[in-house]
1. Looking only at region B:110-127, count how many residues are surrounded by fewer than 24 Cβ atoms within 10 Å (Cβ to Cβ) and either of a type in the set (D, E, K, R) or under 29 Å from B:E377 (Cβ atoms) (or both).
2. Given the criteria surrounded by 21 or more Cβ atoms within 10 Å (Cβ to Cβ), assigned to a loop (DSSP other than H, G, I, E, B) and at the interface with chain B (Cβ under 8 Å from one of its Cβ atoms), does A:R289 qualify?
3. Which of the residues belonging to region A:262-294 are within 23 Å of the chain's Cα centre (by Cα) and among the charged types (D, E, K, R)?
4. Would you tally the residues in region B:199-246 being within 14 Å of chain A (Cβ to nearest Cβ) and surrounded by fewer than 20 Cβ atoms within 10 Å (Cβ to Cβ)?
5. For region B:1-95, please list each of the helices (runs of 4 or more DSSP H) lying entirely inside it that holds at least 1 residues being of a type in the set (S, T, Y).
6. Can you tell me which residue within region B:272-286, out of those that are closer than 29 Å to A:V243 by Cα and open to solvent by 20 Å² or more (accessible area, probe 1.4 Å), is nearest to the other protein chains (Cβ to nearest Cβ)?
7. Residue pairs, Cβ under 6 Å, 6 or more apart or interchain, first in region B:293-318 and more than 14 Å from every other protein chain (Cβ to nearest Cβ), second hydrophobic (A, V, I, L, M, F, W, C) and open to solvent by 30 Å² or more (accessible area, probe 1.4 Å). List them.
8. Kindly indicate whether any position in region A:275-287 is touching a Pro at 6+ places or on another chain (Cβ under 8 Å) and assigned by TED's automatic domain parsing to the domain that holds A:S148.
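The values are calculated or read from the model by the stated rules, or taken from the named source; none is laboratory data. A quick note: this is a predicted structure, and the numbers were derived from the prediction, not measured. Positions of Cβ are backbone-derived with ideal geometry, glycine not excepted, and every protein chain shown enters the neighbour counts. Heads up: the accessible areas ignore ligands, DNA and RNA and are worked out on the full protein's heavy atoms, side chains in. Shrake-Rupley method; radii C 1.70, N 1.55, O 1.52, S 1.80 Å.
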Number of protein chains: 2
Amino acid sequence: MTTLTKKNIAVLGSTGSIGTQALEVIGANPDHFSAYALTAGFNVDLLIQQCRRFEPEVVVIADESKYQYLKEAVADLPVKVFAGADAIAQVAEMEVVDIVLTAMVGYSGLKPTIHAVKAGKTIALANKETLVVAGELINDLCEKHKASIIPVDSEHSAIFQCLTGEGADTVEQLILTASGGPFRTMSREELEYVTPSQALKHPNWEMGAKITIDSASMMNKGFEVIEAKWLFGVDPSRIQVVVHPQSIIHSMVQFRDGSIKAQLGLPDMKLPIQYAFTYPDRLVSNFPRLNFALYPQFTFEQPDPEKFRNLAYAYYALDKAGNMPCILNAANEVVVAAFLKNRIGFLQMSDIIELTMDKCSFINHPTYDDYVRTDAEARRIAGEFIQTT
Amino acid sequence: MTTLTKKNIAVLGSTGSIGTQALEVIGANPDHFSAYALTAGFNVDLLIQQCRRFEPEVVVIADESKYQYLKEAVADLPVKVFAGADAIAQVAEMEVVDIVLTAMVGYSGLKPTIHAVKAGKTIALANKETLVVAGELINDLCEKHKASIIPVDSEHSAIFQCLTGEGADTVEQLILTASGGPFRTMSREELEYVTPSQALKHPNWEMGAKITIDSASMMNKGFEVIEAKWLFGVDPSRIQVVVHPQSIIHSMVQFRDGSIKAQLGLPDMKLPIQYAFTYPDRLVSNFPRLNFALYPQFTFEQPDPEKFRNLAYAYYALDKAGNMPCILNAANEVVVAAFLKNRIGFLQMSDIIELTMDKCSFINHPTYDDYVRTDAEARRIAGEFIQTT
């Protein structure tokens, strides 16, 4: 039998797709986990429901205009209520918190993650943009403050699981699998006219809107290459992407003797979330098991670089280093929002990302403040390109 | 950088398929391994070549009639020459030997393995019959003498690799993959008339004759289920066999949270041999790497219990326990030899195994001497059934 002490978890982004699934994991294992703190961006009604169901000690709404409404709605509960980005950052460094799950969307996850790292926390990282934007800075801070990051992304969790018990110097190659998204078999011409609602239909995973669009454009896979570089210290030339449309093999590691380990299972984010909470142990779950009779075939193909230029831009940004991945991320956040509002077409997203990377000021060794400035500048530039489109 | 001390390896069965591949691994890594002792059954000419190439300290030929020939042929070398089964057992317990690779064929591997276990050696186990026949005895002795077994069979090496760094109590299920052999798609009627030369053509693996026939009849997979039970302490009800004709995924472990880890690569026994020598480290190899572009499809299917009854017999023998797996193994060795000599047909192998299991004396808690007697009795009974066929 295993003795897991009960862990206090701060769920940053509790009303999003990862956040709600994390609360399911916590709710299914009340002896092992408690939802100590919940933070949300704007979805105050769901946050109120979560307060009743999971009885957190602390709750924060980022949107300060909703503070009063939230405060009154949970007045009968013993929960402390706060509002604003600074309060979220403070939650991330609270002493009683054992694990900080960073499940916020996009760039907004950077600041609270830095606070959690500086407080030496164990971070279950679901916000890949944090490492995309500022991987080097985060890694330096983790080392300095003895914080540890356990990835929640299914691909990186797979690699993390495959690396368990293996020597750090034995890795030859990381093999990230990609579903190829909903447009894998479309021609470039067809891609020109796809709509947001088509892009939001992912074949295998139920996810939030931003990451679903990123999956359709393969920017998500590009970000994952960058994330993998910082999480595992592997040179981009040794990170390969293989398209595997069934999304059963979540990723692989090839070792220096030629042996490959893969982690697989049905696509279900609850598994990597729970693993990040229980690592290095594993807890019994009732998640549906993979039945090979229902998945009699796994296929593999190479990603098409002509159709999905974003993947190449990610390798380019990693190679340029400095603030280039931050520019890539900011431009992408802006173009995804514009695409979702039907302001630009699917292929124009990549066009504008490329133009923004060309035009935005390059900084070789950015500080945190440089990242903040770069993010703002890249957003402004990308916005201007959208205006003139 | 890794610092591996040079390991002295005793290769029992050096002229067989595993033995010669083990010597390739040793020859490719002279700074890490030395072929301290070589033993062979009867192939004295190859053994003489190996003496010149690998310069062992000790060499043994099991067939005592070939001792003089061997002794004279290597008279100019500083190698000590011995003959007979007892000498092989003594090699297995020599103090300077770090790893004993047991790569003898069938039941003959049992005795030297027991000697190696009693000497507290690390055993790279390629002779699965040892655990099939006497798994409980071997496990008890390993515990008593602090010997450790590292499996060389590709399936069990895969499972062993997947278990690295994982808690022993976290395993939910072992998933052994099976190629299905050369007769996977044949009907039962067609199986009636297959010839030894057809059975010796394995689709994926180059192996010795005995194991290749066992693969064609799925007895090999049955033995692997028994072997897995003893190696990993997992109940047979939690050992599943899945047919995977491409033989790229070598086997898998499903953990209690639902996560599955698989080990994969091109079919090449040198990899698990080397891993057994280097565990827990991994050494750089020049073995060909898996290229997903060349293996764009993995498929899975269920084994057909009507066509391949041996698999069911193995589960039955495990369930009966005692000396039943020993009976199964002895009967199988006899029928495989008879099939190779065209004395009986392919399907008759299973018929005679079943009859022998019914007729041979059952012993609930066999000693080593009981195993020796059971082996002899089962061989006699199976031989008689062959006579009357």
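1. Residues meeting the conditions: 4.
2. When the stated conditions are applied, A:R289 does not pass them.
3. A:D268, A:K270, A:D281, A:R282
4. 5
5. So the answer is B:17-28, B:67-73.
6. B:V284
7. B:P305/B:A312
8. Yes, because at least one residue in region A:275-287 is touching a Pro at 6+ places or on another chain (Cβ under 8 Å) and assigned by TED's automatic domain parsing to the domain that holds A:S148.
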